[in-house]
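Below is one structure; the comments refer to it alone.
The values are calculated or read from the model by the stated rules, or taken from the named source; none is laboratory data. Because the structure is predicted, anything quoted here is derived from the model rather than measured. Neighbour counts run over all protein chains shown; Cβ positions are idealised from the backbone, glycine included.
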């Protein structure tokens, strides 16, 4: 569905301007969304867009993790013929169940998109520094020739997404492959600090903090030459109005965002014979096991 060299027409939201983006690289396997490095081919000069960016599309057709959980299987060419084939074989009810699951999956992914976009807005003071810059929300309209076996549901052909700053780096989980052992303590410590700096004073609770969601890139303008950037905010919650400090503190302590980064890296580095110097931050420990 997405290939290197393919050109996509993206409608920027809310600008309602269409730009062309060519896929430069597909760096990771699609799981909950389709992530790709793109080159922005043309756009009005008034729009502040880079020549290269990271495009994240919440496309139900290639969300492999969701599709596996819902037993939907892979989307393949010719899927638009399913209604006719199933009708002939007397399996129309199977088609209807699949159609409902497809629609539900689309709705779930739209929710993930909205959550991530909202999280970036909440964390805008850190954009371009500790998290990628969010350039725009977009909509991508899939090719009608691909077909949707779901009846009159044109919204399922609309894929929401976001255009982000492209970070040319590696994931924290791959630290031993890229950084000298003498720097491991510092880089992990810095990752924990970044996690706290981004999340502790925000209205965002990130339930997916892990080394895979922290990028490391070389940058000689920052201390020790390593810039650390937190990514992926699709599994977040925003603090609701009326939530007490006690309730919020218990939630934050329970998910232990800073600790999640440090604990996992301590285990990973121990596997290669390295004892990480790590003490779990106790930022929210005072709220542990308190009564409402």
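Within segment 180-199, which residues are surrounded by fewer than 17 Cβ atoms within 10 Å (Cβ to Cβ) and free of Cβ contacts under 8 Å to residues at least 60 places away in the same chain?
180, 182, 183, 186, 193
Given (1) part of a helix (DSSP H, G or I); (2) modelled with pLDDT under 95; (3) touching a strand residue (DSSP E or B) at 6+ places or on another chain (Cβ under 7 Å), identify the lone condition not met by residue 159.
(1)
Only one of (1) crowded, with 17+ Cβ neighbours inside 10 Å; (2) touching a helix residue (DSSP H, G or I) at 6+ places or on another chain (Cβ under 6 Å) fails for residue 159. Which number is that?
Against the list (1) crowded, with 17+ Cβ neighbours inside 10 Å; (2) touching a helix residue (DSSP H, G or I) at 6+ places or on another chain (Cβ under 6 Å), residue 159 comes up short only on (2).
Can you spot a residue in segment 283-291 that is touching a strand residue (DSSP E or B) at 6+ places or on another chain (Cβ under 8 Å) and surrounded by 16 or more Cβ atoms within 10 Å (Cβ to Cβ)? Can you show your working first?
Step one: filter segment 283-291 for residues touching a strand residue (DSSP E or B) at 6+ places or on another chain (Cβ under 8 Å), giving none.
Scanning segment 283-291 turns up no residue that is touching a strand residue (DSSP E or B) at 6+ places or on another chain (Cβ under 8 Å) and surrounded by 16 or more Cβ atoms within 10 Å (Cβ to Cβ).
Here's the yes/no breakdown for (1) part of a strand (DSSP E or B); (2) at pLDDT 65 or above; (3) in the same structural domain as residue 132 (by the TED database); (4) in contact with a helix residue (DSSP H, G or I) (Cβ under 8 Å, 6 or more places away or on another chain):
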| residue | (1), (2), (3), (4) |
| --- | --- |
| 12 | yes, yes, yes, no |
| 38 | yes, yes, yes, no |
| 41 | yes, yes, yes, no |
| 77 | no, no, yes, yes |
| 81 | no, no, yes, no |
| 86 | no, no, yes, yes |
| 93 | no, no, yes, no |
| 96 | no, no, yes, no |
| 101 | no, yes, yes, no |
